[in-house]
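Asks: The structure under discussion is supplied below as structure tokens; questions concerning it will follow.
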Amino acid sequence: MAVATEVREVKQFIGGEWVDAADGATFEDKDPFTGETVAVVPASGGADAARAIEAAAAAFPAWAETPPAARQAVFLKAADILERRQDEVVSLLARETGCTFGFGMFQMHFVPGLFRQAAATPYQPIGTVIPSDAGAFAMGIRRPVGVVAAIAPWNAALILSARSLAAPLALGNTVVLKPSEWSPWVGGLLWGEIFAEAGLPEGVLNVITHAPGQAGPIGDTFTTHPAVRRINFTGSTATGRRLAEAAGRNLKRVVLELGGYNPLIVLSDADLEYAVNATAFGAFLHQGQICMSARKVLVERPVADEFTKRLAEKTRTLKAGDPKEPDTIIGPLINEDALATVKSRVDEAVQKGAKVLAGGEDAGNNTYRATLVADVPDDAELATHETFGPVLAVEVVDSADHAVERANATAYGLSAGIITQDADRGLALAQRIESGIVHVNDQPVGDEPQMPFGGVKDSGWGRFGGQAAMDEFTELRWV
Ligand code: ADP
């Protein structure tokens, strides 16, 4: 992989123009592994958000009336442009977000598919004819809503930012995207470049960036500005809750995809080699910084010793280091705070009696080794909070019923996995897991653009993906 190293000065994208922040402020976007500056980026605030919303509102009437073929053409071109820029994008994912080559390629594979599916959206049926007792010719018709504000995280920066804008735009809305301060370019400004080249009209997509810790004024503008009709948010439960409260006051509908504490059940009939490999993948892909990452593996007693021994061995083999080296499995965490949180959660669990079976060490450059822990007490933060890092807890259960009870003993409900060779049993157990997503004979990390994606309980509400997005990002009118 060729790794570009130049520092770029990037501007934000409002009304089809590349502009500075209103007050000219900037911040340095850093490589989490080397600490080097990747880009100098505008540090915006509420005034910039308002400007972007107004540009989006001005562009809405024409975009909403744009024929389906023209909307489709933009998405097909955007997919091609992204594929043409693949090497650069994978390199940028590594530099800006510490993303390894494998996860970079996963994201690069997903997003063109997402855009090509979005290209079909403008041709989907938008209504029904409904029998009326009054003898009227009555219709239910879906209309775009107007301006959609999109707030995206840094972790799967390419996928989650692309998902935040694809369905809303394809359905005829206009969008203001606010990427995370930790991925302003590959999770935000990149889309300005690609969609401008693809021929998206000015103002239909706007991207505004801000310095670390400065999202508040932009979020406040999204929740209060009258032109914003929907907000979609992917991020932590704490931030999502605050945003939903503010949006609720202003009667704005929100799609929230929040954190998870995703259980993976391994039943005693599992193919153990498959189970070990799937578990390591589900727990440690992208150093465990995926909302769907397995946080706890619940293994049935008859296979627990053998499974745990093999999983610990596998965990020790995962190379931690520079994400730009193609054989690195565990790259850096996104920043020093993230590393400090992971370390303190493991230390606290150990003080309370947990045992580290593999890893448990800082590997330098913000990197933490893949870690397997056992005997984590229920009151440890590692057991109650989502810990966004390469740490997996293993727990022995007495039966499938016990596994379900332990799987549901969390405030979250995003994804889950059940590994068994008995598909019928797996499907029956899947019905009893409290989560928005469950995989049978697989681990919890997986996504396809057309699937209804989202959680229950503290993992949020609403769904991205496929038909579900049609409900979220249109208004149903009775005519
Ligand atoms: P994480 O800890 O994973 O970064 P956050 O929930 O803090 O999760 O971040 C997810 C997204 O939410 C990012 O784009 C971040 O900038 C944004 N964000 C953080 N605080 C606010 C806020 N007060 N209003 C709106 N967005 C916010």
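Asks: Residues to consider are THR279, THR328, THR341; find the one that is of a type in the set (Ser, Thr, Tyr) and under 27 Å from GLY213 (Cβ atoms).
Replies: THR341
Asks: Scan (1) over 20 Å from GLY259 (Cα atoms); (2) modelled with pLDDT of 95 or more for the single condition GLN467 breaks and write down its number.
Replies: Evaluating GLN467 over (1) over 20 Å from GLY259 (Cα atoms); (2) modelled with pLDDT of 95 or more leaves (2) as the failure.
Asks: Taking only pairs six or more apart or across chains, which ones have beta-carbon atoms under 6 Å, a first residue in segment 448-461 that is farther than 14 Å from CYS291 by Cα and without any contact (Cβ under 8 Å) to a residue 24 or more places away in the chain, and a second residue that is surrounded by fewer than 23 Cβ atoms within 10 Å (Cβ to Cβ) and not acidic (Asp, Glu)?
Replies: Here the result reads MET451/GLY465; PRO452/ARG463; PRO452/GLY465; PRO452/ALA468, each pair linking segment 448-461 to a residue that is surrounded by fewer than 23 Cβ atoms within 10 Å (Cβ to Cβ) and not acidic (Asp, Glu).
Asks: Could you tell me which residue of segment 150-197 is farthest from SER293 (Cα to Cα), considering only residues that are assigned to a strand (DSSP E or B) and either modelled with pLDDT under 95 or within 13 Å of the ligand (Cβ to nearest atom) (or both)?
Replies: VAL176
Asks: Would you confirm whether any residue within segment 401-413 is closer than 23 Å to PHE307 by Cα, within 16 Å of the ligand (Cβ to nearest atom) and either among the basic types (Lys, Arg) or out of contact with any Lys or Arg (no Cβ under 7 Å at 6 or more places or on another chain) (or both)? Explain how you work it out, then say what you get.
Replies: So in segment 401-413, the residues closer than 23 Å to PHE307 by Cα come out as 401-409.
From what's left, within 16 Å of the ligand (Cβ to nearest atom): none.
Taking every residue of segment 401-413 in turn, none turns out to be closer than 23 Å to PHE307 by Cα, within 16 Å of the ligand (Cβ to nearest atom) and either among the basic types (Lys, Arg) or out of contact with any Lys or Arg (no Cβ under 7 Å at 6 or more places or on another chain) (or both).
Asks: Could you run through segment 327-349 and say how many residues are closer than 18 Å to VAL373 by Cα, among the aliphatic types (A, V, I, L, M) and in contact (Cβ under 8 Å) with a residue 12 or more places away in the chain? Break it down stepwise before answering.
Replies: Pass one, segment 327-349, residues closer than 18 Å to VAL373 by Cα: 330, 339-349.
The next check asks that each one be among the aliphatic types (A, V, I, L, M); those that pass are 330, 339-340, 342, 346, 349.
So of that shortlist, the ones also in contact (Cβ under 8 Å) with a residue 12 or more places away in the chain come out as 330, 339, 342, 346, 349.
The number of residues fulfilling the criteria is 5.
Asks: Also: Restricting to segment 143-161, and then to whatever is touching a Leu at 6+ places or on another chain (Cβ under 9 Å) and either more than 21 Å from PRO42 (Cβ to Cβ) or basic (Lys, Arg) (or both), can you tell me which residue is surrounded by the most Cβ atoms within 10 Å (Cβ to Cβ)?
Replies: VAL148
Asks: Taking the options ALA320, ALA393, name whichever one is buried (at least 20 other Cβ atoms within 10 Å of the Cβ), more than 22 Å from GLY417 (Cα to Cα) and more than 16 Å from the ligand (Cβ to nearest atom).
Replies: ALA320
Asks: Let me ask something else. Name the single residue, out of those in segment 245-264 being under 16 Å from GLY436 (Cβ atoms) and hydrophobic (A, V, I, L, M, F, W, C), that is nearest to the ligand (Cβ to nearest atom).
Replies: The selected residue is LEU258.
Asks: A further question follows. Yes or no: segment 221-236 includes at least one residue that is β-branched (Val, Ile, Thr), away from the ligand (no atom under 11 Å from the Cβ) and either surrounded by fewer than 20 Cβ atoms within 10 Å (Cβ to Cβ) or at pLDDT 95 or above (or both).
Replies: yes
Asks: Are any residues in segment 371-390 over 25 Å from the mean Cα position of the chain (by Cα) and surrounded by fewer than 21 Cβ atoms within 10 Å (Cβ to Cβ), and if so, which ones?
Replies: ALA374, ASP375, PRO377, ASP378, ASP379
Asks: When segment 198-215 is examined, which residues are found to be more than 16 Å from the ligand (Cβ to nearest atom) and either within 16 Å of ALA157 (Cβ to Cβ) or assigned to a strand (DSSP E or B) (or both)?
Replies: The first filter runs over segment 198-215 and keeps only residues more than 16 Å from the ligand (Cβ to nearest atom), leaving 198-205.
Within segment 198-215, LEU205 is the sole residue that qualifies.
Asks: What number of residues in segment 332-370 are under 27 Å from the mean Cα position of the chain (by Cα) and acidic (Asp, Glu)?
Replies: The qualifying residues number 4.
The values are calculated or read from the model by the stated rules, or taken from the named source; none is laboratory data. The model shown is predicted, which means the values in this text are computed figures rather than measured ones. So basically every Cβ, Gly included, is an ideal-geometry build from the backbone, and we count neighbours across all protein chains shown.
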